[in-house]
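Written below as structure tokens is the structure these notes are about.
The values are calculated or read from the model by the stated rules, or taken from the named source; none is laboratory data. Computed from a predicted structure; not experimentally measured. Here Cβ is always computed from backbone atoms with ideal geometry, including for glycine, and neighbour counts include all displayed protein chains. Remember, those area values only see protein heavy atoms, side chains included, never the ligands or the DNA or RNA. Shrake-Rupley method; radii C 1.70, N 1.55, O 1.52, S 1.80 Å.
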Amino acid sequence: MRISLFGYGKTTKAIVENLGLKFGGFDIYDDSFKEISHDKLNNRFLTIDEFKPEFSKLELPSPGFPKDHILIKKAKNLISEYDFFYDAMPKSVWISGTNGKTTTTQMAGFLLEKIGALIGANVGIPLALLDTNAKLWILETSSFSLHYTKIAKPEIYALLPISADHLSWHGSFENYVNDKLSVLARMNECDVAILPKIYEKTPTKAHIIAYEDEKDLALKMGINIEKIQFKSPFLLDAIMSLSIEKILLDSLSYEKLNSFVMEKNKLEEIYDSKNRLWINDTKATNIDAVMAALKRYSDKKIHLIIGGDDKGVDLNPLFEIMQKLDINLYIIGISSNKLINLASTYKINAIKCELLPKAVDEISKLLKDNEVALLSPACASLDQFTSYAHRGEVFKECVDKI
């Protein structure tokens, strides 16, 4: 019997390439495979209909592998990447929520690099590539990974606020929230969970630190906000990372934190040849992230590029907010018709551009010096791009040509 991997993405490729020899090869199943093949390490690449659960020792899906896929339904020994590596995993901090996971993970890793902490999982480095001899793993943990995880748990679980996202995958907001909270049932008395106050009654043996907002969390953790240079929407990320440091080391490294450099694709400010301001916020793939961006630039007229795959989320709350702003919309992607109809309903000026380069061209015709052009799509990118980062690259290339 062999271990089966469902989906051939970044996570499973790392497992295959680094552990294939140790486990005598894996059986990999992916919808894109049209014929059976194998490599020199005895890994077999098989079509979906070749899967026989009675001959499979374990089944590991890629984190975002569809939960209703026929392979998932047939699987008898389904575990997550986190479960697979749990026995070898050092002490760990898991960071989840809807927005800010990557920034908080990177900030926490930056603060704790002095003790040899490593960051990974959803942030970019698969668990198969992380050093199991490290003192600490800090893992950006997606709702997809949490859905499939049934055994593993962290020593610290830091949960940022939850809002509607990935509903077409999870089926409902309730399911999405339940997956985010599922790990709490496996934590014990020695563990710590930092949670939005609304979830503080979730059954768990872990010590809970519940917070209402960033100011409340700072107060409870003895953190001086005045010493932090980051502002909303990154203030909570900064306070959460300091909270993790304080729990682990009983220290607060304000100066170190303030030297942290934000990653690209989140409220990344760039200027065109006419010195006009453009914002690359391509990572804003849900309405809360867009609302944070709109709040930041609400004192200016905003030219907003929005659209892509809306993931089944109700976007009405976002349009209710935009209705109160001085804003023009430039709509792209597969959800264009839906967004145009919403713009009409809320009486917001909108142009159906469909493609990102056209949206940039249309904005460039109208953008004035005291205004802002903002790519904050509220939608996933895969309908037209290979990733949200690719969408950001195309956006910046278009601005560079102005």
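For region 287-310, a residue qualifies if it is within 24 Å of M240 (Cα to Cα), open to solvent by 10 Å² or more (accessible area, probe 1.4 Å) and within 19 Å of the chain's Cα centre (by Cα), and the qualifying residues are I287, D288, A289, M291, A292.
Here A158, A152, A210 are screened, and the one residue that is closer than 14 Å to S96 by Cα, outside any helix (DSSP H, G or I), open to solvent by less than 20 Å² (accessible area, probe 1.4 Å) and of a type in the set (G, A, S) is A158.
Checking each residue in region 252-282 for being in a loop (DSSP other than H, G, I, E, B), at pLDDT 90 or above and closer than 27 Å to K227 by Cα picks out L252, S253, S259, F260, D281.
Scanning region 303-358 for residues that are touching a Cys at 6+ places or on another chain (Cβ under 8 Å) and either of a type in the set (D, E, K, R) or closer than 21 Å to F173 by Cα (or both) gives G307, G308, D309, D310, K311, S335. Here is the figure for region 213-230: residues that are among the aliphatic types (A, V, I, L, M), farther than 14 Å from I244 by Cα and either touching a residue at least 24 places away in the same chain (Cβ under 8 Å) or touching a His at 6+ places or on another chain (Cβ under 8 Å) (or both) total 1. The set of residues in region 216-271 that are hydroxyl-bearing (S, T, Y), more than 18 Å from I95 (Cβ to Cβ) and open to solvent by less than 40 Å² (accessible area, probe 1.4 Å) comprises S251, Y254. Among the residues of region 104-135, those that are closer than 16 Å to S243 by Cβ, polar (S, T, N, Q) and out of contact with any Ser or Thr (no Cβ under 8 Å at 6 or more places or on another chain) comprise T105, Q106. For M322, the conditions (1) open to solvent by less than 10 Å² (accessible area, probe 1.4 Å); (2) at pLDDT below 95; (3) not β-branched (V, I, T) all hold with the exception of (2). Kindly check whether there is at least one residue in region 352-359 that is within 24 Å of E268 (Cα to Cα), under 24 Å from the mean Cα position of the chain (by Cα) and of a type in the set (K, R). No, region 352-359 has no match at all. With respect to (1) over 21 Å from T141 (Cα atoms); (2) out of contact with any helix residue (DSSP H, G or I) (no Cβ under 8 Å at 6 or more places or on another chain); (3) in contact (Cβ under 8 Å) with a residue 24 or more places away in the chain, the lone exception for N18 is condition (2).
Applying the selection to region 1-31, what residues are under 15 Å from I70 (Cβ atoms) and of a type in the set (S, T, Y)? Even if it seems obvious, please write down each step before you answer.
Restricting attention to region 1-31, the residues satisfying the condition of being under 15 Å from I70 (Cβ atoms) are 4, 6-7, 29-31.
If the condition is that a residue be under 15 Å from I70 (Cβ atoms) and of a type in the set (S, T, Y), then S4, Y29 are the ones that fit.
Could you list all residues from region 233-259 that are over 28 Å from A284 (Cβ atoms) and touching a residue at least 40 places away in the same chain (Cβ under 8 Å)? Across region 233-259, the qualifying residues are I247, L248, L249, S253. Checked against (1) modelled with pLDDT of 90 or more; (2) surrounded by 17 or more Cβ atoms within 10 Å (Cβ to Cβ); (3) aliphatic (A, V, I, L, M); (4) not in a helix (DSSP H, G or I), I125 passes all but condition (1). Scan region 342-362 and give yes if some residue there is out of contact with any strand residue (DSSP E or B) (no Cβ under 8 Å at 6 or more places or on another chain) and under 30 Å from G116 (Cβ atoms), otherwise no. There is no residue in region 342-362 that is out of contact with any strand residue (DSSP E or B) (no Cβ under 8 Å at 6 or more places or on another chain) and under 30 Å from G116 (Cβ atoms). Before we move on, is S344 within 14 Å of A378 (Cα to Cα) and either surrounded by fewer than 21 Cβ atoms within 10 Å (Cβ to Cβ) or under 26 Å from the mean Cα position of the chain (by Cα) (or both)? The answer is no for S344. Looking across region 101-122, the residues that are touching an Asp or Glu at 6+ places or on another chain (Cβ under 8 Å), open to solvent by 10 Å² or more (accessible area, probe 1.4 Å) and either in a loop (DSSP other than H, G, I, E, B) or closer than 25 Å to I287 by Cβ (or both) come down to K101, T102, Q106, A121, N122.
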